[in-house]
Amino acid sequence: MFFKNYRIVIFIVALFVVALIMLSYHVKYDGGTGFVKKLVLQAAAPLQAALSSTVRTIGDSWTRYVYLVDLQEENAALKRSIHDINAELVLYKEGYLEALRLRQHLALQDEYDHQMIAARVIGRQQAAISKTILINKGSLHGLKTGMPVLTPPGLIGRLTDVSWNSSRVLLLTDESSNVDVVLQRTRVQGILKGAGPRGCTIKYVSKMQDVKEGDIVVSSGTSNVFPKGLLIGVVNSVDRRDVGLFIKIRVTPFVDLSKLEEALVLITQAPGHPQEKQKETK
Amino acid sequence: MIFYLALPFLAVGMVVLQSTVASVLFSGWFLLEASLVLVIYAGFRLDVVRGLLLAFVMGFVFDCLSGSVVGLFTVIYMLIFLCAFYVSLRMVTEKLYLIALFSLACALLEALLVVLFYHLTYDIDLFSSLLPVFLPQALLISILSAGFFHVMRRIEGFFYGKSVQPPQRA
């Protein structure tokens, strides 16, 4: 009788309890990609791919007809070319600086043997709080949670959820994204944190340090999550007026994260990486 | 039965569609949260069991696909559904400005809960996003909500000859 009278209330309370248990479990243990979550991702991937493809096709058609086709293509090719050359130049500079440092100490061999898997971006999930994209490769292709994701010329984020045929990439601009970085010119280290639509910020850099607008930011490789020397962005403003010990540094990522179409997942990690250590022990 | 079977697919479709449309229209700055509008609509039109289940599934799918902590939007959507259900006992959906105002309040409540949750749990400061991101998003939701209710009223009129808000609520 009691259950019959209060069945609606019991139903409401039960659903809330389930939701709160899920929430507290994920907050406490960072649940990872559970089976149901994998299923949802798996179900969303084809739909997202179809929709994105349709939208892209319509957008492309519109652009082609509205603007001058030849001029636009030439412009795009030139921009690509400049982008590539700039990226190459910065990479050479990074390599040169690294070589100088190494010559002073010991001749060390580069320990990283990078292998990449190319994936297509099939969807964007960019809520106000989270900036993620969905790619069309998953655990069946050898991807694992935590792997770095790149798009020429630089790093865009890392894998946070891996389903069988699709994965979610947490972008650098996500508020919960943290990357160990170093300024290429002065080797000043800091933590790059996502700042949503405003790009990224570098935290914990002392006011005594030499930081200027235009400084190139690369990954430092200290946390063993991201390999050393991956291009990330450029410093666009430095604010020393803020009260406190640290400078406020804003960084614009090299890659336009709103226009990603393809991405490369770095599947081979450095020997010091925890996943590689596990393999070695096995 | 069809409702319960179709619900997960409807939820996935809705969340994927809203994120695709939002990324085309707003380049990821705002989210066109049609799922929230649907939850509010459910609060005015469905019974508690079906509406709450819809809110639960919609929130869970949104959590899975948006990358937020699983359970956060599930709880928020259920709370908003209950608010909408409670308000529907005292408000008639013929007045679209009231619907828009109520949706604005719901969207702001959602934003506030999200900001507080991330602040208290992860010490992530999203307060600076309240004005430039969440407020325009809430306004967008209120406009979308008024439009959605208007269209649905027409559709209800077409199929049933009148609005189907339960008489005890109207």
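Bear in mind that the values in this text are calculations on the coordinates, not laboratory data. Please read these numbers as outputs of a predicted model, since none were measured by experiment. Note that we place each Cβ from the backbone using ideal geometry, even for glycine, and neighbour counts take in every protein chain shown.
Observations on the structure shown:
- Using θ = phi - 60° and Karplus 6.51 cos²θ - 1.76 cosθ + 1.60, couplings along region A:218-231 (whole Hz; Gly, Pro as x): 10, 6, 8, x, 6, 8, 6, 8, 10, x, 6, x, 6, 5
- Convex hull of Cα atoms in the protein assembly as shown, direction-averaged projection (nm²): 27.5 nm²
- Take each residue of peptide B:126-132, count the partner chain Cβ atoms within 10 Å of its Cβ, and average: the result is 3.
- The simple Förster model, with R0 at 25 Å and r as the Cβ-Cβ distance, assigns A:Ile267 and B:Phe3 a FRET efficiency of 0.05.
- For chain B, convex hull of alpha carbons as volume per residue, Å³: 115 Å³
- In plain terms, the chain from A:Ala50 to A:Ile117 could stretch by 22.0 nm, reckoned as 0.36 nm per residue minus the Cα-Cα distance.
- On the beta carbon distance between A:Lys93 and B:His150, with R0 = 60 Å, the FRET formula returns roughly 0.55.
- Net dipole in debye of the protein assembly as shown [+1 Lys, Arg Cβ; -1 Asp, Glu Cβ; about Cα centre; nearest 20]: 1000 debye
- Using a Gaussian network model of chain B in which every pair of alpha carbons under 10 angstrom is joined by a spring, one finds that among B:Leu32, B:Leu52, B:Leu130 the greatest mean-square fluctuation is at B:Leu130.
- With 0.36 nm allotted per residue and the present C-alpha distance subtracted, the A:Ala14-A:Thr145 stretch has 43.9 nm of extension available.
- For chain B, the longest principal axis of the Cα atoms and the long axis of helix B:135-160 meet at an angle of about 20 degrees.
- DSSP beta bridge pairing in the protein assembly as shown, given as percent antiparallel to the nearest 5: 100 percent
- Counting, for every residue in A:170-183, the Cβ atoms of other protein chains within 10 Å of its Cβ and taking the mean gives 1.
- Ratio Rg/Rh [Cα only; Rh per Kirkwood] for region B:1-76: 0.98
- With K and R counted +1 and D and E -1, the other residues having a Cβ less than 10 Å from that of A:Leu183 yield a net charge of +1.
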